[in-house]
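The values are calculated or read from the model by the stated rules, or taken from the named source; none is laboratory data. This is a predicted model, so every value here is computed, not measured. For neighbour counting, all protein chains shown are included, and Cβ atoms are generated from backbone atoms with ideal geometry for every residue, glycine included.
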Amino acid sequence: MTKIRPLLLGATGAAAAVVAWAVSSSRLSSVATPRETVLALGDLVGDTEFWNAMLATIAVALVGLAAAMAAALVLGILIGWFPAVRRALRVPLEFLKPIPPIVVMPVAILILGPTTSMAVFLVFYGCFLMSVSQIASGVAETDPVAIDTARSYGFGRREVLTHVVLPSTLPFAATAFRITLPIALVASVIAGLLGGADGLGLAVNLATQGARTDLVFALVFVLGLLGLVFNAVGAQVERRLLHWHPSHREVLR
């Protein structure tokens, strides 16, 4: 019963949302009905352009995130390990942190145009700053006792970094990946919705301009499902990478 209860509560919440949606659509002509949305979803399943747009959105999100994580790993280690690098980059990074990707997008469009490269850059920007902060914190918070112990055994700087600092930083990097994976999807969609890059965002924009409310609702539903998938994948990857970490070990009874 304990395991079934969350499912029942979730199903109840979903049913209530559908009822509220149906009531709203009966009173507002601008809101597509659940039936119209389901029919639009059926049309999308057989539409090759829809699948191409979905693949483009996912590809942009993953490529941008991969580039951001790779750059953040290198720079985060340098910032956390070398005080001079940390002092040199502190002001630029703190300056960029409050600036969201949507504000940077006009500059990216001017330089790169409404292209896939612009979309990848937008995802990169949206994920990089948070990731580099997380990884730098992980390096800086490495247990100094562990570092001193490794040095007492004759470990050089490189060995300390690879055998002590990097394992200590892995939980921070995994958390950064889990947090930024949905952000990558959002940035990829925004790049199409407002920047004109290929993908589901552009499809939503075109459907809006064509007054296809049923198609807009169907695409938004698909994006919601994609968000759930991205969240689940991020949590699963974090769990797999940190299976050895105390926070992810199962309690034996």
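Some values worked out for this structure:
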| read-out | value |
| --- | --- |
| Check on residue 251, over 19 Å from residue 54 (Cα atoms), at pLDDT below 90 and part of a helix (DSSP H, G or I) | no |
| Cβ-Cβ under 8 Å pairs, at least 6 apart or on other chains, the stretch 21-50 side over 15 Å from residue 212 (Cβ atoms), far side part of a helix (DSSP H, G or I) and β-branched (Val, Ile, Thr) | 34/18 |
| Test: residue in the stretch 140-161 that is under 30 Å from residue 54 (Cα atoms) and free of Cβ contacts under 8 Å to residues at least 24 places away in the same chain | no |
| For residue 115: the one exception among (1) under 23 Å from residue 60 (Cβ atoms); (2) surrounded by 18 or more Cβ atoms within 10 Å (Cβ to Cβ); (3) touching a residue at least 40 places away in the same chain (Cβ under 8 Å) | (2) |
| Helices (runs of 4 or more DSSP H) enclosed by the stretch 157-240 - at least 1 residues per element that are modelled with pLDDT of 90 or more and either under 17 Å from residue 58 (Cβ atoms) or touching a helix residue (DSSP H, G or I) at 6+ places or on another chain (Cβ under 6 Å) (or both) | 166-193, 200-209 |
| Wholly within the stretch 1-109, helices (runs of 4 or more DSSP H) carrying at least 3 residues that are at pLDDT below 90 and either within 28 Å of residue 174 (Cα to Cα) or of a type in the set (A, V, I, L, M) (or both) | 4-27 |
| The listed residue being within 30 Å of residue 197 (Cβ to Cβ), surrounded by 10 or more Cβ atoms within 10 Å (Cβ to Cβ), more than 28 Å from the chain's Cα centre (by Cα) and not polar (S, T, N, Q), out of 44, 39 | 39 |
| Boolean, residue 64 is crowded, with 18+ Cβ neighbours inside 10 Å, out of contact with any strand residue (DSSP E or B) (no Cβ under 9 Å at 6 or more places or on another chain) and more than 30 Å from residue 212 (Cβ to Cβ) | no |
